[in-house]
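Worksheet for the structure shown next.
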Amino acid sequence: MEKREKILGQRHAYLYPTKVPYYREPIHLVKAKGSYVWDDQGNKYLDVIGGIVSISVGHNHPRIKEKMKQMVESDAIQHTTYLYLSEYMADFAEKISEVAPGSLDKVYMTNSGSEANEMAVMTARTSTGNQMVISLRHGYHGGTNVPLSLCGHGTWKFDSQPQTAVAHANAPYCYRCPWGKERESCNLECADDVQDVIDTATSGKIAAFICEPILGVGGFIDAPVGYHKKVYDIVKKAGGLYISDEVQTGAGRTGKNFFAIDDSGVEPDIISMAKGIGNGAPVGAVVTKTEHANALKGKLHFNTFGGDPYQAMQAAEVIDIIKDEKLIENADKMGSYLKEGFAALQRDFPLIGDIRGRGLLMGLELVKDPKTKEPAVEETAKLMETAKEQNILIGKGGLLGNVVRLAPSLAITQEECDELLKGLRKAFENL
Ligand SMILES: Cc1ncc(COP(=O)(O)O)c(C=O)c1O
């Protein structure tokens with residue numbers, strides 16, 4: 001207990017106050033394996049949020065551990081940069097271009113999703129010569145300058161934050177459709193809104209449209225079928241590039257393709273990624289078409305740690321593990337299994353207003369009343385606690401924080417899914 005108190009004191013004394021921990025009694029995690037993590041008291045938890053959607057192939061995967069061990073024991077180069085040759089960096093870039101859709105084959109490695117999105121937008125602006133970027137309300141793209149401009153959540157924006165050449169379209173948020181439509185009556189008004197924003201808030205020419213195939217921080221909002229295709233055509237007409245932010249949805253999480261935008265049959269111009277691609281290692285990347293990467297030719301652009309040996313090795317290994325262990329197929333199978341389980345929970349707990357997501361990226365939007373859809377904000381915060389009492393670590397999101405976010409390891413087993421469903425049922429009962 002003493003250590004925990006010390007860490008809390010240190011956080012209070014030395015960390016920015018923006019770093020707010022989960023839980024009334026924050027947990028000190030010290031150990032992890034597969035789908036599980038342990039705290040300093042020896043309590044074992046089923047980890048269904050994996051950092052924040054960062055654990056893809058499972059905590060401390062034996063293949064990654066082995067490679068790290070080999071590197072340490074052979075005194076492999078611990079740090080090098082783009083200025084020298086590195087097999088780790090080159091392998092990672094090649095593997096990304098192999099799993100990327102269509103002709104996306106030029107990679108820029110970063111240390112985070114925010115940095116990847118900075119690079120994605122800079123690439124689009126340089127390649128098109130246009131400045132304006134359209135992003136979505138309820139979208140989240142990171143905490144640095146450009147991503148905060150792209151951000152569609154007031155909670156993450158600062159009064160002094162400059163909004164640089166960004167306009168926001170309405171989110172494809174079917175459960176709370178801004179046009180009051182139901183799935184059956186939907187005419188993709190949300191896609192038309194992108195055109196409306198281009199017509200009213202830009203010169204008619206844009207650099208890019210950026211969106212997450214499923215809006216993560218926004219509460220796992222999954223656009224209606226046909227949305228991405230329709231928006232793609234609108235974006236192309238305005239001279240823009242289509243950026244798919246796959247920081248949460250990439251690395252096979254949606255259970256169909258390596259990148260979720262492929263599920264919609266759209267070939268984007270740029271994909272940004274991080275989180276699951278490194279299975280928790282601080283690595284991100286952008287992949288784009290040669291013509292867009294070439295637009296930056298003649299200038300230098302450098303980052304010290306992008307593609308660092310240990311990070312690049314881990315990311316390359318993650319790609320291989322996902323293939324070898326058929327984790328995309330598992331995400332699909334376990335995702336469907338869990339969805340059925342959540343539907344059974346919903347029948348017993350009307351607090352669950354909406355179940356959404358794909359593969360192993362699933363959200364439960366909690367509402368006080370399924371008719372009024374009043375967001376159940378306090379109940380969601382309480383559910384985090386009652387789930388923790390059942391040794392289940394879940395996440396939350398949504399503009400108001402009333403969406404339970406579930407994104408376990410892609411290697412989760414059926415037994416672990418049963419454990420999750422059983423624990424969640426108890427957690428709802430104990431609310
Ligand atoms: C969709 C999306 N893009 C970008 C980011 C930013 O990534 P990072 O926190 O690694 O900078 C996040 C982080 O949550 C995210 O969810």
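Observations
- Any hit, segment 312-325, residues being touching a Ser or Thr at 6+ places or on another chain (Cβ under 7 Å), in a strand (DSSP E or B), at pLDDT 95 or above and within 16 Å of the ligand (Cβ to nearest atom): no
- Residues located in segment 312-343, provided they are surrounded by fewer than 19 Cβ atoms within 10 Å (Cβ to Cβ) and over 30 Å from LEU364 (Cβ atoms): ASP320, LYS323, ASP324
- Looking only at residues in segment 281-311 that are of a type in the set (A, V, I, L, M) and surrounded by 23 or more Cβ atoms within 10 Å (Cβ to Cβ), the one that is farthest from the ligand (Cβ to nearest atom) is VAL287.
- GLY278 meets the stated requirement of being more than 22 Å from TRP156 (Cα to Cα) and within 11 Å of the ligand (Cβ to nearest atom).
Results for (1) in the same structural domain as GLN41 (by TED's automatic domain parsing); (2) on the phi > 0 side of the Ramachandran plot; (3) not charged (D, E, K, R), shown as yes or no for each residue.
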residue	(1), (2), (3)
PRO375	yes, no, yes
MET384	yes, no, yes
GLU389	yes, no, no
ILE392	yes, no, yes
GLY395	yes, no, yes
GLY401	yes, yes, yes
ARG405	yes, no, no
SER409	yes, no, yes
ASP418	yes, no, no
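- Checked against the criteria, THR164 does not count as β-branched (Val, Ile, Thr) and within 17 Å of the chain's Cα centre (by Cα).
- Qualifying residue in segment 391-411 (condition: over 19 Å from ILE52 (Cα atoms) and not in a helix (DSSP H, G or I)): no
- Identity of the residue in segment 242-258, on the phi > 0 side of the Ramachandran plot and more than 11 Å from the chain's Cα centre (by Cα), that ends up nearest to the ligand (Cβ to nearest atom): GLY252
- Qualifying residue in segment 96-105 (condition: among the acidic types (Asp, Glu) and either within 16 Å of the ligand (Cβ to nearest atom) or under 19 Å from GLY142 (Cβ atoms) (or both)): no
- Taken over segment 203-254, the residue count meeting the criterion of being hydroxyl-bearing (Ser, Thr, Tyr) and without any contact (Cβ under 8 Å) to a residue 40 or more places away in the chain is 3.
- Within this structure, HIS141 passes the test of being within 15 Å of the ligand (Cβ to nearest atom), of a type outside the set (A, V, I, L, M, F, W, C) and surrounded by 23 or more Cβ atoms within 10 Å (Cβ to Cβ).
Results for (1) closer than 26 Å to LEU361 by Cβ; (2) modelled with pLDDT under 95, shown as yes or no for each residue.
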| site | (1), (2) |
| --- | --- |
| MET1 | no, yes |
| ARG4 | no, yes |
| LEU8 | no, yes |
| VAL20 | yes, yes |
| TYR36 | yes, no |
| VAL48 | yes, no |
| ILE55 | yes, no |
| HIS61 | yes, no |
| LYS67 | no, no |
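- Test: ALA167 is away from the ligand (no atom under 15 Å from the Cβ), in contact (Cβ under 8 Å) with a residue 24 or more places away in the chain and out of contact with any Pro (no Cβ under 6 Å at 6 or more places or on another chain): yes
- Restricting attention to segment 205-241 and to residues that are aromatic (Phe, Trp, Tyr) and under 16 Å from ILE271 (Cα atoms), the residue that is farthest from the ligand (Cβ to nearest atom) turns out to be TYR232.
- Qualifying residue in segment 261-268 (condition: at pLDDT 95 or above, more than 16 Å from the ligand (Cβ to nearest atom), surrounded by fewer than 22 Cβ atoms within 10 Å (Cβ to Cβ) and β-branched (Val, Ile, Thr)): yes
- Checked against (1) surrounded by fewer than 23 Cβ atoms within 10 Å (Cβ to Cβ); (2) in contact with a His (Cβ under 6 Å, 6 or more places away or on another chain), ASP245 passes all but a single condition, namely (1).
The values are calculated or read from the model by the stated rules, or taken from the named source; none is laboratory data. Worth saying up front: this structure is predicted, and the values here are computed from it rather than measured. Ideal geometry is used to build each Cβ from the backbone, glycine not excepted, and the neighbour counts take in all protein chains shown.
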